[in-house]
Structure formats: structure tokens, C-alpha cells
Amino acid sequence: GQKVVLITGCSSGIGLRIAVMLAEDEKQRYHVIATMRDLKRKDNLVKAAGDLYGKTVFVAELDVCSDESVKQCVDSIKDRHIDILISNAGIGLVGPVESIPMDEMNNVFETNFYGSVRLIKEVMPDMKNRRAGRIIVISSVMGLQGVAFNEVYAASKFALEGFCEGLAAQLLSFNVILSMLEPGPVHTEFELKMIQGMKEKEWPSVDPDTVNYFRNFYLPGAVDMFEILGQTPDHIAKRTMSMIEASNPYFHNLTSPLYSPILALKYGDETGHLSLQAFYCMLFTLRPLMNVGMPVLKCLTFGFVRKWRISPN
Ligand code: NAD
């Protein structure tokens, strides 16, 4: 029969694409429950799903920040039976730490970290009982490598990585496979708006040097990164699909080969000195050279990855 897939955060971006792609499966192998916090925002999904809406893809309300909402949604599913859980809902946070109210930081953790924990906690016991299930958590490359001016976001994804790394080992003995997907920059409708907003924002409580580094070094670098490395939600959805179809998916799944060398620095030098220096140079020294350097680096990296990487799955 069909596999029941529950996905969070499906009103836009990556979640929406994963939901539609699974629904479009030619063999109709998936019964997709595309959840979102606010059902008033279902139009984009419904439009993208076309005829498949009500056939292979259905919407349901789920706010990852609410115990009741998560429980209600799972209870509403026949026998609470979920074969594949995809924890995707998340929010970003960029800017100098000094300027961010603690409430906002809490909200990021409440959504990105506790949101996934809450969801997994609700669904996992049934999977353990059935000795079957798949959990895919949409983390980020920033869950493995901290990035300046994204400290709190990265921390929330690091927390998620740590939580899941522990859990994944336990779950293996119940035949439940938990894996992480770590995208780099992904083009979604909000990214340019966010960067534009940041350019115009005033930072009265932050010292001028920090504002200068943020505005004139970090932000143009972030724009470059999105332009050169940005992947589409479609790309991320395809990758998710291949993780679902793999008989034995890996725990970490980076979507952009450019990040492999960055992580190699990190794991190759336990003192952290190499990666810290590399990131310092990228932000302050190499920034002006990036426009020329990045495409070259990308070509080299693609060559490197093609040659050495053992194909996943
Ligand atoms: P997005 O903003 O389009 O999607 C995030 C979705 O989560 C939205 O639909 C939003 O409404 C939903 N959401 C937020 N709070 C929620 C809550 N409390 N309950 C339920 N849903 C909630 O952005 P996206 O890029 O598609 O993000 C999806 C995931 O991918 C996130 O976890 C994000 O951290 C991760 N990610 C994104 C990028 C990127 O560059 N866009 C890179 C790496 C990882």
C-alpha cells in the first residue's frame, strides 16, 4: 500500500516542493500529509499540487511550537500510522547578536530545535512499536559549521544535530532510520526580501565597526553565496526523495558539494584553528576576491567531489 508521509512547514519553500514531488510520484507510492501552521496559507500548495490535491496530497494544520497542535494532528491520522516523518519547519535569524532580543532567540530555538523534538517525540513511539519508520530532519550546513552573524540560527541547528545524532543510534535497534539533510543556501521567496531588509535596517544599539562588518562584508558575501551556490527547493526535494528511496540512507546528507572541503578542514583539524582562520579570511580578506575566486573554487571542488566521492545509496 501507500506510505504515509507527514511533512511540516508546507505553505512555502522546501516543504511545499517535497510535498508536491512526493505526491507526483508516478506509481503513487505516497499518501502525503502536507502540514502547515496556518491553513489560510494553503493556496500555493493547492495550486502547485493541481489535480493531485485530495488524491495523493492532503493538508492539515500543525504548529510545531504547540504540544496540542502536534498531538491533534497526529491523532487525526488513521491509527496514528506515519511511515515517513519529514521535519522541515524552521525559521532563520541573521544579524549582530547584540541587536537580537532574547525573545527572538528563544523563538528560533522553540521552532527549529524544540519544534522538531516535539514532533519526533510524538511520532517516534509508534514507529518504535511497529519496528519500522523513517525520519528525515531538514537541518542546514549551519548545523555543522557556525557562520558569522548567523550564530543563533546555527546554534539551533547544532542542537538539532546533537539531539538526532544520539537518537539515530538508539533508533537503529528499532529499525527506525533517522537522517539529516544539510542544505547550503536555497532560493526561497524570502531570501532576497530578507537581505534587502537587512541592508536598510538601522542598528542603533550596535557599535559602528560591527555594523560596518555586517553591512559591507557579511551581506555582500551572503548575496554572492546565494548567487553562486544557491540551490532550488526542487533540488532539495529530489535529494529528499532519493533519501526516502535508498534502502540504507546516510546520516548526514549535504546537498552542495562545495561544503565538503569546509567540513574536511573542520574534521581534519581537531583544534579548530584551520576552519576558524579559513572563515576569518573568507569574511575579511577574501571577500573582495570572491567574485573571481568562487567560480574557480566551485569547478575545482566539483572535480574533486566527482573523483573521490563514493556515490551515496
Ligand atoms: P520557508 O520560510 O519557505 O519555509 C519554512 C516553513 O516553515 C514556512 O512555510 C513557515 O511557515 C513554516 N513554519 C515556521 N514556523 C512554523 C511553526 N511554528 N509551525 C509550522 N510551520 C512553521 O523557508 P525554507 O527555506 O523552505 O525552510 C525550510 C527548512 O529548510 C528550514 O528548516 C530551514 O532552516 C532549512 N534550510 C533553509 C535554507 C535556505 O537557504 N532557505 C538552507 C538550509 C536549511
- Selection over region 1-19 where residues are without any contact (Cβ under 8 Å) to a residue 40 or more places away in the chain and among the β-branched types (Val, Ile, Thr) yields a count of 0
- Query: So Glu227 clears everything in (1) open to solvent by less than 80 Å² (accessible area, probe 1.4 Å); (2) within 15 Å of the ligand (Cβ to nearest atom) except one condition, right? Which one?
  - Reply: (1)
- Is region 84-99 home to any residue that is more than 16 Å from the ligand (Cβ to nearest atom), under 17 Å from the mean Cα position of the chain (by Cα) and either among the aromatic types (Phe, Trp, Tyr) or over 18 Å from Tyr218 (Cβ atoms) (or both)? yes
- Is it the case that Arg17 is among the charged types (D, E, K, R), open to solvent by 20 Å² or more (accessible area, probe 1.4 Å) and away from the ligand (no atom under 11 Å from the Cβ)? no
- In region 190-215, residue nearest to the chain's Cα centre (by Cα) [restricted to those that are free of Cβ contacts under 8 Å to residues at least 60 places away in the same chain and farther than 15 Å from Val97 by Cα]: Glu191
- Scanning region 1-14 for residues that are part of a loop (DSSP other than H, G, I, E, B) and open to solvent by less than 60 Å² (accessible area, probe 1.4 Å), the one farthest from Glu61 (Cα to Cα) turns out to be Ser12
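Yes or no, residue by residue, for (1) within 30 Å of Val211 (Cβ to Cβ); (2) not acidic (Asp, Glu):
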| site | (1), (2) |
| --- | --- |
| Leu6 | no, yes |
| Gly13 | yes, yes |
| Glu24 | no, no |
| Tyr30 | no, yes |
| Leu52 | no, yes |
| Phe58 | no, yes |
| Glu61 | no, no |
| Asp79 | no, no |
| Asp83 | no, no |
- Select from region 175-185 the residues that are crowded, with 16+ Cβ neighbours inside 10 Å and not in a strand (DSSP E or B) and write down the one among them that is nearest to the chain's Cα centre (by Cα). Pro183
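Rundown of residues vs (1) hydroxyl-bearing (Ser, Thr, Tyr); (2) under 30 Å from Ile136 (Cβ atoms), yes/no style:
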residue: Ile195; (1), (2): no, yes
residue: Ser205; (1), (2): yes, no
residue: Phe214; (1), (2): no, no
residue: Ile228; (1), (2): no, yes
residue: Ala237; (1), (2): no, yes
residue: Ser247; (1), (2): yes, yes
residue: Ser256; (1), (2): yes, yes
residue: Lys266; (1), (2): no, yes
- Would you list the helices (runs of 4 or more DSSP H) that sit entirely within region 228-313 and hold 1 or more residues that are at pLDDT 90 or above? 233-245, 259-268, 273-280
- Leu219 more than 16 Å from the ligand (Cβ to nearest atom) and over 19 Å from the mean Cα position of the chain (by Cα): no
- Note on the structure: Taking region 133-144 and the residues there that are open to solvent by less than 40 Å² (accessible area, probe 1.4 Å) and within 23 Å of Lys3 (Cβ to Cβ), the one that is farthest from the chain's Cα centre (by Cα) would be Gly133
- Message: Is it the case, given these coordinates, that Glu200 is within 26 Å of Phe284 (Cβ to Cβ) and open to solvent by 20 Å² or more (accessible area, probe 1.4 Å)?
- Response: yes
- Message: Checking the conditions here, which among Lys42, Lys55 is in contact with a strand residue (DSSP E or B) (Cβ under 8 Å, 6 or more places away or on another chain), in the same structural domain as Leu160 (by TED's automatic domain parsing), at pLDDT 95 or above and open to solvent by 60 Å² or more (accessible area, probe 1.4 Å)?
- Response: Lys42
- Query: Within region 186-196, is even one residue surrounded by fewer than 19 Cβ atoms within 10 Å (Cβ to Cβ), more than 13 Å from the ligand (Cβ to nearest atom) and outside the structural domain of Glu104 (by TED's automatic domain parsing)?
  - Reply: yes
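The values are calculated or read from the model by the stated rules, or taken from the named source; none is laboratory data. This is a predicted model, so every value here is computed, not measured. So basically every Cβ, Gly included, is an ideal-geometry build from the backbone, and we count neighbours across all protein chains shown. Accessible surface is based on the protein model in full, side chains and every heavy atom, while ligands, DNA and RNA are left aside. Shrake-Rupley method; radii C 1.70, N 1.55, O 1.52, S 1.80 Å.
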